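Visitor: Following this message is one structure expressed as structure tokens.
Each value in this text was obtained by applying a stated rule to the coordinates, not by laboratory testing. All values reported here derive from a predicted model rather than from experimental measurement. Note that we place each Cβ from the backbone using ideal geometry, even for glycine, and neighbour counts take in every protein chain shown.
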Amino acid sequence: MDASLYDEDIYAWAEQQAAALRRAAVSGRLSSNELDLEHLAEEIQDVGKSELRATTSLLHHAFVHLMKAWADPGSRASGHWLSETAGFLLDARRAYTPSMSRLIDLDEVWREAWPFALDKLYEFGVEPREAPQDTCPFSLDELVKPGFDVNAAPDRIRAR
């Protein structure tokens, strides 16, 4: 068992631990009278799923704010939206672990953010001339690494 994996990648650790508990349950090396191994395995696995949901949610919120800034660049709120984007991406960076990359459909998160951004824009009296493209113009790697330039991000959306 790699104890440091818990601190480095909670999702991978949860998957590893759930699998190990299931193997122990099958082999009978742990008594099911002492532990409810299947439910314990499910709970441990849920820790990882919860982390994955949190990271995906943070990316969603970042995209909503970024799309508002893209759709209404002249708004007085644009700076605030970009600041919120930066905050959500910072939190996503902290929650993200490498094993999540195969499970996060960035294009889906991107597409699902637009209706939320659009609703908020309508509240501001803004009717965007167009919707953003269906595919996310950013990679997951660049979004979760330090140095992502939120101020340049609306221009990248426009450039596509």
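Visitor: With label points built 7 Å along Cα→Cβ from the Cα atoms of Arg76 and Asp119, find their separation and express it in nm.
Guide: Going from the Arg76 label point to the Asp119 one covers 2.5 nm.
Visitor: For the stretch 83-105, list residues with backbone N below 16 Å from a point placed 7 Å from the Cα of Asn151 toward its Cβ?
Guide: 83-87
Visitor: Run the numbers for Ser101 and Glu8: contour at 0.36 nm per residue of separation, minus the present Cα-Cα distance, in nm.
Guide: Here the answer is 32.0 nm.
Visitor: Using 1/(1 + (r/R0)^6) with R0 = 41 angstrom and r between the beta carbons of Ser83 and Glu43, what's the FRET efficiency to the nearest 0.05?
Guide: 0.65
Visitor: As an exercise, identify the GluC sites (Glu not before Pro) in the stretch 114-158 lying in DSSP coil whose Cβ has no more than 16 other Cβ atoms within 10 Å.
Guide: When the GluC sites (Glu not before Pro) of the stretch 114-158 are filtered for loop state and at most 16 Cβ neighbours within 10 Å, Glu130 remain.
Visitor: With unit charges on the beta carbons (Lys and Arg positive, Asp and Glu negative) and the dipole taken about the Cα centre of the chain, which residue among Gly79, Tyr11, Phe63 sits farthest to the positive side?
Guide: Gly79
Visitor: Reachable lysines from Lys68, Cα under 16 Å, same-chain residues fewer than 8 places away excluded?
Guide: Here the lysines satisfying the reach criterion relative to Lys68 are Lys120.
Visitor: Rounding to the nearest 10 and keeping the result within 0 to 90°, find how far the Cα-based axis of helix 106-123 lies from the longest principal axis of the chain.
Guide: It is inclined by approximately 50 degrees.
Visitor: Which of the following values of P(r) over Cα pairs in 10 Å bins from 0, in percent was calculated from the structure shown: (1) 12, 47, 35, 6, 0; (2) 10, 39, 36, 10, 3, 1, 0; (3) 10, 34, 24, 15, 11, 5, 1?
Guide: (3)
Visitor: Still on this structure: Computed FRET efficiency, Cβ-Cβ of Glu108 and Ala20, R0 41 Å: what is it to the nearest 0.05? Present the calculation step by step, with values, prior to reporting the outcome.
Guide: Numbers: r = 31 Å, r/R0 = 0.76.
Efficiency for this residue pair is about 0.85.
Visitor: What is the ratio of the Cα radius of gyration of the stretch 56-133 to 2.2 N^0.38 Å, with N the residue count, to two decimals?
Guide: The value comes to 1.12.
Visitor: Mind ranking 107-118, 55-66 by how tightly packed they are, going by the mean number of other C-beta atoms within 10 angstrom, highest first?
Guide: Result, highest mean Cβ count within 10 Å first: 55-66, 107-118.
Visitor: Please determine, in degrees from 0 to 90 and to the nearest 10, the orientation of helix 37-71 with respect to the longest principal axis defined by the Cα atoms of the chain, where the helix direction is its Cα long axis.
Guide: Around 10 degrees separate the two axes.
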